[in-house]
Amino acid sequence: MTKRHVGLLLRVLVAVALLVWLVRSGTVDFGALSIFFDHPLLLVANVAVFVGTFLLAAVRWRLLLKISGIPLAFGRAVQLTFTGAFFNVVAPGNIGGEVVKAVYVGRELPPEKRPRVVLVALLDRLLAVAGLVVVAVVLNVAVHAGAGDSRLGDPTTAIVLLAIGTLVLPILGLVLVRRFGSRFENTPIIGRIVAAARLVSENPGALALSLGLSIFIHVCGIVWFSAVASAVLDQHVSVGQMAAVYPLGMLSVLLPISYAGFGVGHVAFEKLFAMVGLPGGANVLNVYLIGQIVPCLFCVIPYLMLKREGAVSEAEAQSAATPSAS
């Protein structure tokens, strides 16, 4: 058993242990999932939000590839984006969705351009988080600061700190790369990544558009999460309340501690909901996650259409995660 498999097994065990504890304590009730059957329109809206946000994510990824000098047809970008969604659920870890997308695009490129795909994958993920933080900061400042609710102080402070880490520091990094990056362009691996970063930094308008897409995706996500919370809790849950907890909660789901964020995310949302005076945060997240994961499983269909090109091998996945100097 490899280290990757051991790590995956440990994350699964952590998720199972936390979920068992939450169920036994009465914090999580899987019966809440019946809400999709009791309200068919909620199920239709869930699918619409899932498809719409992933289509926008495909547009953002394709745009970042384009400014990196890598053309990709829109249909191909959509196919690979939904394939990546499938792998994010069934194969979290080293062979995740970003790696699979990078491998398929990299196969069609000369070796010297493949590090650009890795840079785009990192930038795409960073912009996704940055968009989430921007939405959180704007809504918190506009809604909660004016409301003067002391219960929102801690999450608001944490979100502002996240804004510094996800917005200010990357912008500073691009400025430094653009000014001093030429000194590293002759090195084998770092040089190619730096050269790609300089190419990206020369298109601030496209970067701003990509960030705008991320912001819109997360606005949809927060609005949808508040709708799910309202349905599960059977009370009105405002978008403003969710703006205080959703970003920090979703970042906890992304932490590589448990499988797909299960358990860890449930605990985090339960605590965050309590901070804004709401019960049942773990149940709300449970319904939200299942509503997103089940459609991901149907994304096996675009992946099966790709299989004629050959499945992603362990060696290709490792190469995409750590580009070689070839």
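The values are calculated or read from the model by the stated rules, or taken from the named source; none is laboratory data. Quick caveat: nothing in here was measured; it's all calculated off a predicted structure. Each accessible area value is taken on the protein alone, full model and side chains, heavy atoms only, with ligands, DNA and RNA left out. Shrake-Rupley method; radii C 1.70, N 1.55, O 1.52, S 1.80 Å.
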Exercise. Quick one: accessible area per residue over the stretch 69-123, 1.4 Å probe, rounded to a whole number of Å²?
Worked result: 36
Exercise. By the gyration tensor of its Cα atoms, with a ≥ b ≥ c the square roots of the eigenvalues, what is the shape of the stretch 214-283: rounded for a/c under 1.5, prolate for a/b over b/c, or oblate?
Worked result: oblate
For this session: On a C-alpha basis, how far is the centre of the stretch 272-291 from the centre of the stretch 37-75 in Å? Whole number, if you could?
Result: 25
Exercise. How would F298, F37, F50 rank on accessible area, largest to smallest, probe 1.4 Å?
Worked result: F37, F298, F50
Problem set entry | Accessible heavy-atom area order of R125, R116, highest first, probe of 1.4 Å | R125, R116
